[in-house]
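*Asks:* Next up is a structure, given as structure tokens.
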Amino acid sequence: MADRVTVIGWDGSPLTAAAKSALSAATLVAGAAHHLDLAEIPPAAERVRLGSIGLAARTIAGHRGTAVVLADGDPGFFGVVRALRAPEHGLEVEVVPAVSAVAAAFARAGMPWDDARVVVAHPRTLRRAVNVCRAHPKVAVLTSPGAGPAELALLLDGVHRTFVICEELGTAREQVTVLTSDKAADHTWRDPNVVIVIGGGGTVDGADGGWLAGGHPGAARERGWARAEEGATEGAGGQLRAAQLARLGPRTGDLVWDIGTGTGALAVDAAAFGAAVIAIDADLRACERATVAARARGVQLQVVHGRAPHVLEALPEPDVVRIGGGGVEVVTACADRRPERIVAHAATRDEAEALGRALTESGYDVECVLLQSLCLDPHSWDERERSVVFLLSAQRTESR
């Protein structure tokens, strides 16, 4: 095993004294091609191109001497330190950090970034990174080949954002480009790059400075969720929404379809949990109400006017779906898109059986419960409203 392993971050600025000292003693240096050209690397040191982290780590583990790994930015922030410290390699490392690529990107843009969400986009995680961009007004995306600005823009189709694209930060070829997301797919971008994605309403650069990195969660502005809507005299709808939200479990990185959104109450609650939400309704007035509700709560929704199931064909793939109406045809269309979870409700047992049968035949495990809500006046304790509904929640089976 190497006698000593030092990981040095490099942001394009001159190396620190600590970094130069570590490099001068190195008998093996691993890094990208532009790192291995640094003049400070000893001529006699073995040079390892840092392509596969696992292969490089095994080489370092088998080296007898002093090893240095060079990485862009802060190597402890979505960098190589985690991979090198993995138990299978057994490496203990010392770290000399540099300015992270995310910090550098926001510095080039002249913007604060304590209120930004930071995500990493690989081909396998690209869709979830895009969902964060749908749900939050300021997101920094660390990209990778096959999951860059063009791919982000294509998956954001129909959602307007501003892109600040920072290419090859810290190098002589550094370039910063600002353009709208619909134009990003028309260009070829150089790696590595960071994309700052801005827009969609919500709070950006708030004057109070905040107190929580990543920005205030939407739910923190107003305590509680699934409450009676403003102006409503009953809470039965809130009880159903609470049960639906509990079964859906929306979270950051998810895309939620809320079909038959009505007032947008459930859509807004789901967005307050950090999920991206598309609220769908055939009634234009319902779409307008959902937009107003989202603005009042300080969360982002994409509102789509149209009738399911036909309007669903052009929408991106959902993770969880709430169906507020439409019957078996809509349930089947949603199941065909294979979301992880689907919730629906029915007014009668016959309707519940039909929906449950359609979900089961589509490869879902189905649970059905009868919910009864009795709303009381807390002053007179008289009954205000009684509601009885069948709630169906379906979980996708892994075999399908």
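*Asks:* Can you find a residue in the range 18-27 that is over 29 Å from residue 167 (Cβ atoms) and touching a helix residue (DSSP H, G or I) at 6+ places or on another chain (Cβ under 8 Å)?
*Replies:* The answer is no, given that none of the residues of the range 18-27 is over 29 Å from residue 167 (Cβ atoms) and touching a helix residue (DSSP H, G or I) at 6+ places or on another chain (Cβ under 8 Å).
*Asks:* Pairs needed: first member in the range 107-129, under 21 Å from residue 144 (Cα atoms); second member anywhere, among the hydroxyl-bearing types (Ser, Thr, Tyr) and crowded, with 17+ Cβ neighbours inside 10 Å; C-beta distance under 6 Å; at least 6 residues apart or different chains.
*Replies:* Pairs found: 121/143; 122/144.
Every residue, every condition in (1) of a type in the set (Val, Ile, Thr); (2) at pLDDT below 95; (3) within 16 Å of the chain's Cα centre (by Cα), yes or no:
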site	(1), (2), (3)
151	no, no, yes
163	no, no, no
169	no, yes, no
172	no, yes, no
179	no, no, no
188	yes, yes, no
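*Asks:* So, in the range 94-137, how many residues would count as being of a type in the set (Gly, Ala, Ser) and assigned to a loop (DSSP other than H, G, I, E, B)?
*Replies:* We begin by selecting, within the range 94-137, every residue of a type in the set (Gly, Ala, Ser); these are 98, 100-101, 103-105, 107, 109-110, 116, 121, 129, 135.
Filter once more, keeping what is assigned to a loop (DSSP other than H, G, I, E, B): 98, 100, 110, 116, 121.
Total satisfying the criteria: 5.
*Asks:* Additional query: Which one is farthest from residue 154 (Cα to Cα), of the residues in the range 317-336 that are β-branched (Val, Ile, Thr) and open to solvent by 30 Å² or more (accessible area, probe 1.4 Å)? Before you say what the answer is, go through the steps one by one.
*Replies:* Narrowing the range 317-336 to residues β-branched (Val, Ile, Thr): 320-321, 323, 328, 330-332.
Filter once more, so that each one left must be open to solvent by 30 Å² or more (accessible area, probe 1.4 Å): 328, 332.
Numbers: 328: 32, 332: 27 Å.
Filtering the range 317-336 for residues that are β-branched (Val, Ile, Thr) and open to solvent by 30 Å² or more (accessible area, probe 1.4 Å), the one farthest from residue 154 (Cα to Cα) comes out as 328.
*Asks:* Also, quick follow-up: For residue 240, are the conditions met, namely being modelled with pLDDT of 95 or more and under 19 Å from residue 321 (Cβ atoms)?
*Replies:* The answer is no for residue 240.
Table: residues versus (1) assigned to a helix (DSSP H, G or I); (2) at pLDDT 95 or above; (3) among the aromatic types (Phe, Trp, Tyr); (4) under 28 Å from residue 130 (Cα atoms).
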residue: 328; (1), (2), (3), (4): yes, yes, no, no
residue: 334; (1), (2), (3), (4): yes, yes, no, yes
residue: 338; (1), (2), (3), (4): no, yes, no, yes
residue: 350; (1), (2), (3), (4): yes, yes, no, no
residue: 367; (1), (2), (3), (4): no, yes, no, no
residue: 373; (1), (2), (3), (4): no, no, no, no
residue: 394; (1), (2), (3), (4): no, yes, no, yes
residue: 398; (1), (2), (3), (4): no, no, no, yes
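*Asks:* Wholly within the range 225-316, which helices (runs of 4 or more DSSP H) include no fewer than the required count, namely at least 1 residues that are in contact with a Cys (Cβ under 6 Å, 6 or more places away or on another chain), open to solvent by less than 30 Å² (accessible area, probe 1.4 Å) and touching a residue at least 12 places away in the same chain (Cβ under 8 Å)?
*Replies:* Details: elements: 236-248, 265-272, 284-297.
Counting at least 1 such residues, we get 236-248.
*Asks:* Filtering the range 1-38 down to residues that are among the polar types (S, T, N, Q) and in contact with a Gly (Cβ under 8 Å, 6 or more places away or on another chain), which residue is nearest to residue 172 (Cα to Cα)? Outline the logic, then answer.
*Replies:* Residues of the range 1-38 that are among the polar types (S, T, N, Q), as a first pass: 6, 13, 16, 21, 24, 27.
If we keep only those that are in contact with a Gly (Cβ under 8 Å, 6 or more places away or on another chain) too, we end up with 13, 27.
Details: 13: 11, 27: 28 Å.
Checked the range 1-38; the qualifying residue nearest to residue 172 (Cα to Cα) is 13.
*Asks:* Considering only the range 16-33, state which residues are surrounded by fewer than 15 Cβ atoms within 10 Å (Cβ to Cβ) and within 16 Å of residue 80 (Cβ to Cβ).
*Replies:* 33, the sole residue that qualifies.
*Asks:* Here is a further query. Considering only residues that are of a type in the set (Gly, Ala, Ser) and farther than 24 Å from residue 277 by Cβ, look in the range 337-357 and name the one that is most open to solvent (accessible area, probe 1.4 Å). Even if it seems obvious, please write down each step before you answer.
*Replies:* Residues of the range 337-357 that are of a type in the set (Gly, Ala, Ser), as a first pass: 344, 346-347, 352, 354, 356.
Filter once more, keeping what is farther than 24 Å from residue 277 by Cβ: 347, 352, 354, 356.
Values: 347: 76, 352: 8, 354: 31, 356: 12 Å².
So the residue we want is 347.
*Asks:* Just need a number here: residues in the range 107-149 that are open to solvent by 60 Å² or more (accessible area, probe 1.4 Å), under 15 Å from the mean Cα position of the chain (by Cα) and farther than 20 Å from residue 302 by Cα.
*Replies:* Number of matching residues: 3.
Results for (1) closer than 15 Å to residue 194 by Cβ; (2) touching an Asp or Glu at 6+ places or on another chain (Cβ under 9 Å); (3) in a helix (DSSP H, G or I), shown as yes or no for each residue.
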{"residue": "139", "(1), (2), (3)": "yes, no, no"}
{"residue": "152", "(1), (2), (3)": "yes, no, yes"}
{"residue": "157", "(1), (2), (3)": "no, yes, no"}
{"residue": "160", "(1), (2), (3)": "no, yes, no"}
{"residue": "170", "(1), (2), (3)": "yes, yes, no"}
{"residue": "173", "(1), (2), (3)": "yes, yes, no"}
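*Asks:* Find the residue count for the range 374-395, including only residues that are open to solvent by less than 30 Å² (accessible area, probe 1.4 Å) and within 30 Å of residue 338 (Cβ to Cβ).
*Replies:* 5
*Asks:* For residue 286, state whether it is closer than 30 Å to residue 138 by Cβ, in contact with a helix residue (DSSP H, G or I) (Cβ under 8 Å, 6 or more places away or on another chain) and modelled with pLDDT of 95 or more. Give the steps one after another, and end with the answer.
*Replies:* On the way: closer than 30 Å to residue 138 by Cβ: yes; in contact with a helix residue (DSSP H, G or I) (Cβ under 8 Å, 6 or more places away or on another chain): no; modelled with pLDDT of 95 or more: yes.
For residue 286, the condition - closer than 30 Å to residue 138 by Cβ, in contact with a helix residue (DSSP H, G or I) (Cβ under 8 Å, 6 or more places away or on another chain) and modelled with pLDDT of 95 or more - is not met.
*Asks:* Okay, next question. Of all residues in the range 34-86, how many are open to solvent by 70 Å² or more (accessible area, probe 1.4 Å) and in a helix (DSSP H, G or I)?
*Replies:* 3
*Asks:* Here's another thing I want to ask about it. (1) at pLDDT below 90; (2) surrounded by 17 or more Cβ atoms within 10 Å (Cβ to Cβ); (3) under 18 Å from the mean Cα position of the chain (by Cα): which one isn't true of residue 192, the others all being true?
*Replies:* The one condition residue 192 does not meet is (3).
The values are calculated or read from the model by the stated rules, or taken from the named source; none is laboratory data. Computed from a predicted model, the values in this text were never measured in an experiment. Reconstructed Cβ throughout: ideal geometry from the backbone, glycine too, with neighbour counts over all protein chains shown. Each accessible area value is taken on the protein alone, full model and side chains, heavy atoms only, with ligands, DNA and RNA left out. Shrake-Rupley method; radii C 1.70, N 1.55, O 1.52, S 1.80 Å.
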